[in-house]
Structures are given as C-alpha cells and as structure tokens.
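**Q** First, the structure itself, so that you have it in front of you.
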Amino acid sequence: MGMRVEPVDELTETQQRARLLLDDIERQRERQVRERREGRKQAKLDPRLVAGIKACTPKQLKEVMRVVRNNLRDYKRPPELRDIRLFRNSKLLAHAPYKNKLYCMELHPCGKANCQKCPHGPYYIAYQRDGRYYRPKSEPNFSKLPKPIREAFEPIRAALKKKAAGQT
Ligand SMILES: [Zn+2]
C-alpha cells in the first residue's frame with residue numbers, strides 16, 4: 001500500500017534509449033573531428049592509419065613508402081587551375097604559379113543589389129595544397145607578393161587602375 005506503480009511506456013523508453021544513443025554518436029563524432037583538427041597541427045597520425053600500416057607486409061610497406069614519397073613531392077608543386085575551387089562567382093583576371101603556390105588575381109562581386117563598386121578587388125589569392133584540398137589564402141596586398149608574381153600581374157593591375165580612373 002502507498003507505493004505507486006508507474007506503468008512502463010515501452011515506446012517512450014525505446015525512444016529515450018535511441019535519443020541517448022544518438023547523443024552518444026554525436027558526441028563521439030564531434031570528438032573525432034576535434035581530434036583530427038588538433039592532430040593535423042601536431043602531425044599526429046590517425047590511430048586507424050597507424051593500425052593499417054602495422055598490418056602491412058614488408059612488400060606493402062614498400063608500396064606505402066612509394067605513395068608517401070609521391071605525395072610529399074606533390075606538395076612541392078603548385079596546383080593546376082583545374083585543381084582549385086575559386087571563390088563563388090569570382091572572376092579570374094590572371095593566374096601564375098610560383099614555387100608551390102598558384103597565385104590568382106580575382107574580382108569578387110559582393111552580391112548586394114545596389115552595390116556601385118561591384119565587382120570588388122582585385123584580390124590576390126594563393127592556392128596551396130593542404131591535405132587533399134587546395135586551400136585559398138588571401139594575400140594582404142600587392143607589394144607583399146613574390147617579385148615574379150608582381151611582374152606578371154602588374155600590366156593587368158595597371159590596366160584595371162586606368163579603367164577605374166576613366167570611369168570617374
Ligand atoms: Zn559589391
């Protein structure tokens with residue numbers, strides 16, 4: 001007497017368990033993403049990659065070394081134009097490779113309806129390999145670019161300035 005018996009709602013319990021499981025999976029995924037991001041900076045290897053290497057035969061390890069050497073060599077090469085993904089709607093004015101980077105001179109439309117200054121720029125973006133991708137890095141200003149790139153871009157830059165001056 002006096003003890004309350006709660007009826008067990010099985011569906012709710014199942015749903016709750018599913019919720020907990022999903023929460024757990026989400027937390028695990030977040031942790032993995034965080035670890036991968038932090039690991040990149042410290043050159044830490046994914047434990048699955050290490051396990052994979054440890055499972056290799058000597059013959060397979062030689063193949064691993066060949067893949068590694070080729071991949072390292074690719075880091076020294078600038079990307080081709082087809083390798084990179086330009087900023088959306090970006091208009092490419094010129095591009096030139098230097099060392100391991102591909103420098104692009106781009107105009108960026110901002111997309112605002114009443115913008116009088118569109119497209120904006122020119123911006124100088126250096127594309128460089130970063131893992132599987134080519135990371136775009138915006139260069140602060142023209143004078144900071146490597147000399148061969150400045151020389152390649154200078155005539156286009158001058159023509160653009162002339163055109164802008166003619167419009168005002
Ligand atoms: Zn604009």
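Any read-out appearing in this document is the output of simple, stated calculations on the displayed coordinates, not a laboratory observation. Just so it is clear, the structure is predicted and the values come from calculations on it, not from any experiment. Note that each Cβ is placed from the backbone with ideal geometry, even for glycine, and that neighbours are counted across all protein chains shown.
**Q** Using amide H atoms built 1.01 Å from N in the peptide plane, name the residues 5+ places from Leu145, or on other chains, whose amide H lies under 5 Å from its own.
**A** The answer is none.
**Q** Just to confirm a number: summing +1 for Lys and Arg and -1 for Asp and Glu over residues other than Ala18 whose beta-carbon lies under 13 angstrom from that of Ala18, what do you get?
**A** Overall, the nearby charge balance is -3.
**Q** Using the Kyte-Doolittle scale, find the helices of the chain whose mean hydropathy is at least 1.0 and whose Cα atoms extend 27 Å or more along the helix's long axis, counting only whole DSSP H runs. Don't skip to the end; give the middle numbers.
**A** Values: long enough: 10-41 (47 Å, -1.95); 147-167 (30 Å, -0.67).
None pass (Cα extent of 27 Å or more, hydropathy at least 1.0).
**Q** A further question follows. For the chain, what does the alpha-carbon gyration tensor say about shape, rounded, prolate or oblate, given a ≥ b ≥ c as the root eigenvalues, a/c under 1.5 as rounded, and a/b over b/c as prolate?
**A** Numbers: a/c = 4.53, a/b = 1.61, b/c = 2.82.
Oblate.
**Q** Divide by every residue of the chain the summed helix terms, -39500 (n - 2.57) for each DSSP H run of at least 4, and state the resulting mean residue ellipticity at 222 nm, rounded to the nearest 500 deg cm²/dmol.
**A** Numbers: 4 runs with 79 residues, N = 168.
Computed ellipticity for the chain at 222 nm equals -16000 deg cm²/dmol.
**Q** Can you give the net charge of the other residues whose Cβ lies under 15 Å from the Cβ of Lys44, counting K and R as +1 and D and E as -1?
**A** On the way: positive: Arg31, Arg34, Arg36, Arg37, Arg40, Lys41, Arg48; negative: Glu35, Glu38, Asp46.
Counting the neighbours of Lys44, the net charge comes to +4.
**Q** Would you please classify the overall shape of the stretch 81-167 from the alpha carbon gyration tensor, given that a ≥ b ≥ c denote the square roots of the eigenvalues, rounded means a/c under 1.5, and beyond that prolate means a/b larger than b/c while oblate covers the rest? Write out the running numbers ahead of the final one.
**A** Values: a/c = 2.50, a/b = 1.31, b/c = 1.91.
Oblate, since a/c reaches 1.5 and b/c is not below a/b.
**Q** Please report the relative contact order for the chain, taking Cα pairs under 8 Å with a sequence separation of at least 6, and give it as a percent rounded to a whole number.
**A** Working: 145 pairs, mean separation 21.2, N = 168.
After rounding, I find 13 percent.
**Q** With θ set to phi - 60°, apply the Karplus curve 6.51 cos²θ - 1.76 cosθ + 1.60 along the stretch 107-123 and write out the HN-Hα couplings as whole Hz, x wherever there is a Gly or Pro.
**A** Working through the residues one at a time gives 10, 10, x, 7, x, 6, 4, 9, 6, 8, 9, 5, x, 8, x, x, 9 Hz.
**Q** Once fully extended, how much extra length lies between Glu151 and Glu35, figured as 0.36 nm per residue of separation less the alpha-carbon to alpha-carbon distance? Numbers along the way, then the final one.
**A** Values: separation 116, 0.36 × 116 = 41.76 nm, distance 4.24 nm.
My answer for the length gained is 37.5 nm.
**Q** Cross-link partners among lysines for Lys117, C-alpha distance below 16 Å, same-chain residues fewer than 8 apart left out?
**A** Straight-distance partners of Lys117: Lys91, Lys161, Lys162, Lys163.
**Q** Separate question: Under a crude label model (7 Å from the Cα following the beta-carbon direction), how far is Lys54 from Asn141 in nanometres?
**A** 5.4
**Q** For Ala158 and Lys117 in the same chain, what is the full-extension length gain: residue separation times 0.36 nm, less their Cα-Cα distance, in nm? Mind showing how you got there, number by number?
**A** Values: separation 41, 0.36 × 41 = 14.76 nm, distance 1.79 nm.
Length difference between fully extended and current span is 13.0 nm.
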